[in-house]
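Shown next, in structure tokens, is the structure this report addresses.
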Amino acid sequence: MAVAEGEHAAAIFISGPIAKPEPANHCRAVDMKEFIGSDLANRQHCDARTNNKISGHWVERMTASLRAPVAVLLSWSLISAVPAAAQDVAYGEYLSSQCTTCHQLSGKDKGIPSIIGWDTESFVAVMGSYKRKERENQAMQTIAASMGDEEIAALAAYFATLKPKE
Amino acid sequence: MTKLTRRQFSFLTGGGVAATALGMPFIARAASPKVVVIGGGAGGGTAARYLAKDSKGAIDVTLIEPTKQYYTCFFSNLYLGGFRDYASIGHTYENMANEGVGVVHDWAEAVDRDKKIVRLASGGEVPYDRLIVSPGIDIQYDAVPGYSVEASNVMPHAWKSGTQVQMLKARVEAMPEGGTFIMVAPPNPYRCPPGPYERISMIAHLLKEKNPKAKIIVLDPKEKFSKQSLFQEGWERHYPGMVEWLPGSITGPIENVDVDKMTITAGGETYKCDAASIIPAQKAGTIAQKAGLTNDKGWCPIKPATMQSAMDENIHVIGDASVASAMPKSGFAANSQAKVAANAVRGALTGSRVFPARFANTCWSLIATNDGVKVGAAYKAGEEAIEVTSKFISKTGEDADLRKQTYEESVGWYDGISKDIFG
């Protein structure tokens, strides 16, 4: 799998649930170092492994070239353009009401993945990959296409503040 | 969170409204602005919940909804097809009440727009500062000659969920071997554009298992319909030879429905059937008409940025009753519009930030076991109308894995939107 190189590019590894056994057709966890050597990638990878921040059973259908394993390119400039402190959590909360029609705040993820409690960088990266149509879910591509960097950053900031509840 | 049934004592001036529990004292809240929501479906339920949740008690929210057990229209087709049990599409208002919504189970009989009061069928009155009207649709029985409320007990429209859907399923299951089912599809605009065709799919699924020689005829006033190529491909694949769709240009207009003879006449030809579903033309729910919120076509024009009625700035109309331009009449759309309205209402009453209107919709349909398809779009508020910003639709020829995943996604969505509406 090709991963663009350069100092402004990093990759985030997206996997299914680490702790649970996965169906054969889900993306499987592999060592991120095969794909990218940056500190960010390693940190994200470890976060995902230890905290399971990108929760399970949500790895949706992808193009053949992106199917297991998946590396999502992430531009440093995109994230650094919107510092965490300046991200508009209130705007994100409003925008999140578009997400909660499908994505449950309880963290329940059957059929539709949970998106709460993700770190902001992962959230931004995944939305970017939908926007670029690198991930295949049409509904998510459409929602992502309707949002600019400001909206995605605000959403990411808001969802990062949430914890599963039931 | 306090149960706000206490509020009913504070501002219901008439009798007959059951208020059972007194919560915290309401002195501190006496001056809170009041929002009344008419209709506890996908639009009204969402609006009431979000207003209560987001205002954190700064707004008194009352929902007026006659039923204590609400059955969703969306996924009622899956009940018809045997994929869901009836209880699974039923919801109560208890969670919402616990979250701070004052729920009044009654009919909204009239709206006095000058006095800003909603009159209840029981005789009570509920004052409002802002009113959100989300009454769904009314069936225009007389749009189909020979059809009536009584006739709908024999040939159910089943377009408002509830017992009509149970009745329809029982009639399909009682069809004689090799019998004929006929649907009269509705003209545009109507609730749930792909709904009639998903219903055909689900009835075909039911018949394929129990009555495989049965036939299905669709008499459709339209020349084309939502997800047409996807449905027709699916019918050919799963139910070959069973479904015949006839547009109005072939059949001519529906001339008569006779529930005693079980016949439907169109363009001079009489079709005999063993079970039928007649889905007539529709208009905004009665209360919207009584309140003077409808145009000459029976629907409620709105201002896209806030979902405010074009007739009254103190009233917002959401969901199927509204003229939402590019947005279809769907539960998803109503839920989306509710959030825009709630944000605008809260801003107007409490000075909270008002963000730009954003809308979205996705309509999933099930064609056969694990064969799900979807269509959807994102929207923005234009000056005059709600406008599409991006859209998508499933493709014909998709592989079985993707279709199964789409179906599973729809099941997840049902669970998610149910929580979003009812708490």
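None of the figures in this text is laboratory data; all of them are computed from the coordinates on show. This is a predicted model, so every value here is computed, not measured. Neighbour counts run over all protein chains shown; Cβ positions are idealised from the backbone, glycine included.
List of remarks:
- Between 0 and 90°, nearest 10: helix B:195-210 axis offset from chain B longest Cα axis: 50
- In this calculation the C-beta distance from B:Ala400 to B:Thr163 is compared with R0 = 30 Å, giving a FRET efficiency of 0.25.
- Sorting B:Arg119, B:Arg130 by the number of Cβ atoms found within 10 Å of their own Cβ, with the fewest placed first, yields B:Arg119, B:Arg130.
- Two-site label geometry, B:Ala121 and B:Glu255: point separation in nm, points 7 Å out along Cα→Cβ: 3.8
- Cα-based helix-to-principal-axis angle, B:42-55 vs chain B, degrees rounded to 10: 30
- With K and R counted +1 and D and E -1, the other residues having a Cβ less than 13 Å from that of A:Ser96 yield a net charge of -2.
- Separation of the range A:92-108 from the range B:56-82 is 19 Å, based on Cα centroids.
- Close amide H contacts of B:Asp138 (hydrogens built in the peptide plane, cut-off under 5 Å, sequence separation of 5 or more or a different chain): B:Lys283, B:Ala284, B:Gly285.
- Shielding value for B:407-417 is 6, the average number of Cβ atoms from other chains within 10 Å of each residue's Cβ.
- For the segment A:98-110, counting C-beta atoms of other chains within 10 Å of every residue's C-beta and taking the mean gives 6.
- In order along the range B:402-417, phi translates into HN-Hα couplings of 5, 5, 5, 5, 5, 5, 4, 4, 5, 5, x, 4, 4, 5, x, 6 Hz, rounded to whole numbers, per the Karplus curve 6.51 cos²θ - 1.76 cosθ + 1.60 with θ = phi - 60° and x for Gly and Pro.
- Relative to the compact-globule estimate of 2.2 N^0.38 Å, the Cα radius of gyration of the range B:76-185 comes out at 1.44.
- The three principal axes of the Cα atoms in the range B:63-128 give end-to-end lengths of 48, 24, 17 Å, sorted in falling order.
- Given R0 = 45 Å, the distance between the Cβ atoms of B:Trp107 and A:Thr161 translates into a calculated FRET efficiency of 0.65.
- Across chain B, Cα pairs under 8 Å and at least six residues apart give a relative contact order of 17 percent.
- The label point for B:Ser390 and the one for B:Lys224, both projected 7 Å from the Cα toward the Cβ, are 2.4 nm apart.
- Gyration tensor analysis over the Cα atoms of chain B returns equivalent ellipsoid semi-axes of 39, 22, 20 Å (largest first, whole Å).
- Each of A:Ile116, B:Ile264 was scored by other Cβ atoms within 10 Å of its Cβ. Listed from fewest to most, they are A:Ile116, B:Ile264.
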